[in-house]
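What follows is a set of notes on a single structure, which appears directly below.
The values are calculated or read from the model by the stated rules, or taken from the named source; none is laboratory data. Values in this document were obtained by computation on a predicted structure and should not be read as measured data. As a convention, Cβ positions derive from the backbone with ideal geometry for all residues, glycine included, and neighbour counts pool all protein chains shown. To get the accessible areas, we keep the full protein, side chains included, count just its heavy atoms, and leave off ligands, DNA and RNA. Shrake-Rupley method; radii C 1.70, N 1.55, O 1.52, S 1.80 Å.
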Amino acid sequence: MRKLLVAILTMMVSAMGLSAAPVDTLRLNFKSFDQIDSSVTIWYLQKHKAELASDTPSSSFVGETGDEVYIKRLQEIHSYIPLIYNDSVRSYIRSYSEKSSTWISQMMSLCYYYMPIIESELARNGLPMELKVLPIVISQLDPRCESFSEGNKGLWQFSLSEAKSFGLKIDSFVDERMDPYKSTEAAVKALKQYYDSLGDWNLAIAALASSLNTVRAAMAKSGGSTSFESISSSLPKNAQTIVPKFVAMLYTVHYRKELGIIPIACTLPGSVSEHVAERNIDLRQVAKLSGVQVDELTNVNPQYLHYIIPSGFVFRVPGEYSSAVYSLADALYTPSEVQKPIVDNSSKDKPAVSTNAVQSSPAKRSTYKVKSGDTLGGIAAKHHMSVAKLKKLNNLTKDLIRPGQILYTN
C-alpha cells in the first residue's frame, strides 16, 4: 500500500508540472511502477514495446568523431551529474558506441526489464536518474554476475561485508545481492550515503566501486582534493575506470538512436507478480503445478540458491502464470510434493532397453556456432524450437551469448 501511495503521489507531482527528482536526461521513457501491480506493469511494458517498434535508429553519427564533437554532445545531455571528458572517456565511448553494437543492443533489451526497477528506486529517493546506467557497466545487467577474484556479486557487485552493512540477507539459501529489487534498494542507499559524505556524484560512484574509506584516503593523498580527476591515480583500477565508463555508457544510451543501435527482443517476461511464501516452498514444485518452466522462475528469482524459497520471503512469477499460481494456494505447500525429487519425465514414454542388449551408438548431436549479431531467439527460431528448450539443451542460465560459442541444437 505504501508503494502504491508513493506511485500515486509521484504521478500527481508530475501532473502538476513539479519535479520530485532530477530530470531523466536519458530519454529512455521508462516509467516507475510497482511490479506487484501486474496490470500496470503490462500496460507500461506494452507501451515500451510500441515505442521500441517505432524507434527506428537514424544512424546519423557516421565515422570517427573528434574530441570537440564528443564534448559538445556530452554537454547537450544536460546531466545533473557533471560529466568529465578525457582520453579514457573517449576510448570507452568508441568501444561502446562504435565497436560493441551487438553487445549494446543486448543491454538495451535487458533494460526493458531491469530499468523500471532501478528508475523507481532512484525516483523514490530523489537521486539523479542518470545513475540508472551504472549496472550496465558494473555487471552488464546480469544479476548472477560474480567477480571471483573479489567475491562481489549481483547487478551492483556488492562485496559480502558491504551487502550486509546495507541490509542484504545472505545465507545458505538466499543471496539478496542477486535480487534486482533488494540490491537496487541497497545500492541507492549506498550512493546517497556516499554523496552526502563526499559531496560529489563522481566520487560517490567511485566509492561504490571501491569503498568510502578508499576514496577518502585518495583525497587525503592528493592534499584534500574533491575532484575525481585529481584523485583518480590514487584509486584502485576498478574505481579509476568506473566514472569514465559511466560517462561513456550515458553517452551511448542517450544517443543510441543516432548511433543506429536497435534493442533485440527481450527473453525476460513482460511482467511479473509477487507472491509471499507462507511456508518453505520449492520453485520446482511451483513449476510442476503451474506449468511455468523452471528456468523462467529462476531467471526472475536469481537470489534463491537451491530452488527453496524460505518462509516469509517473496518470490516472483511471470505475469501470465500469476493466476495459476494464486489458484493453487495450499497445493504449493503439499509436503509429499515438495519432498519428492523432481524427475525429468521427458523420456518416460521411450521403450526400455534391455541390459543384455548391445547399446546402439548415440545419435550425433547437431551444433551451431554463434555468429556476430546472433540472438538466442533468432537461433531458436532457425532450429524450430523455443528459447527455453535451446537454453536447456546448453545448460544456459543467462540470456547472453558470444560470437564463436558452440550451441547444441538437438
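Points to keep in mind about this one:
- Furthest towards positive pole of dipole, Ala123, Ser88, Leu110, structure part segment 77-126, Cβ charges: Ser88
- Computed on protein heavy atoms with a 1.4 Å probe, the accessible areas place Asp330, Asp282 in the order Asp330, Asp282, largest first.
- Rounded to the nearest 20 debye, the dipole size of segment 94-191 about its Cα centre is 100 debye, using +1 on the Cβ of Lys and Arg and -1 on the Cβ of Asp and Glu.
- Summarising the label geometry, the points placed 7 Å from Cα in the beta-carbon direction at Ser165 and Ser197 lie 0.6 nm from one another.
- Apportionment of accessible area to carbon and sulfur, segment 199-323, percent (1.4 Å): 47 percent
- Centre separation in Å (Cα based) which lies between segment 244-313 and segment 92-155: 14 Å
- Long-range tail of P(r) for segment 106-157 (Cα pairs > 17 Å, %): 37 percent
- List Tyr181, Tyr408, ordered by accessible area with a 1.4 Å probe, largest first: Tyr408, Tyr181
- The packing ranking of peptides 238-247, 88-97, highest mean first, is 238-247, 88-97, where packing means the average number of other beta carbon atoms within 10 angstrom of each residue.
- Top positive-direction residue, dipole computed over segment 184-324 with Cβ charges, set Phe228, Gln303, Ala248: Phe228
- Charging the Cβ of each Asp and Glu at -1 and of each Lys and Arg at +1, and nothing else, the dipole of segment 211-314 about its Cα centre rounds to 380 debye.
- Shape category assigned to segment 72-139 from the gyration tensor of Cα positions, a/c cut at 1.5: oblate
- In this structure segment 169-310 gives 37 Å² per residue of accessible area when probed at 1.4 Å with all protein chains present.
- Across the protein chains, with a 1.4 Å probe defining accessible surface, the residues Trp201, Trp103 rank Trp103, Trp201 from largest area downward.
- Cα→Cβ-extended label distance, 7 Å offset, between Leu305 and Glu98, nm: 4.5 nm
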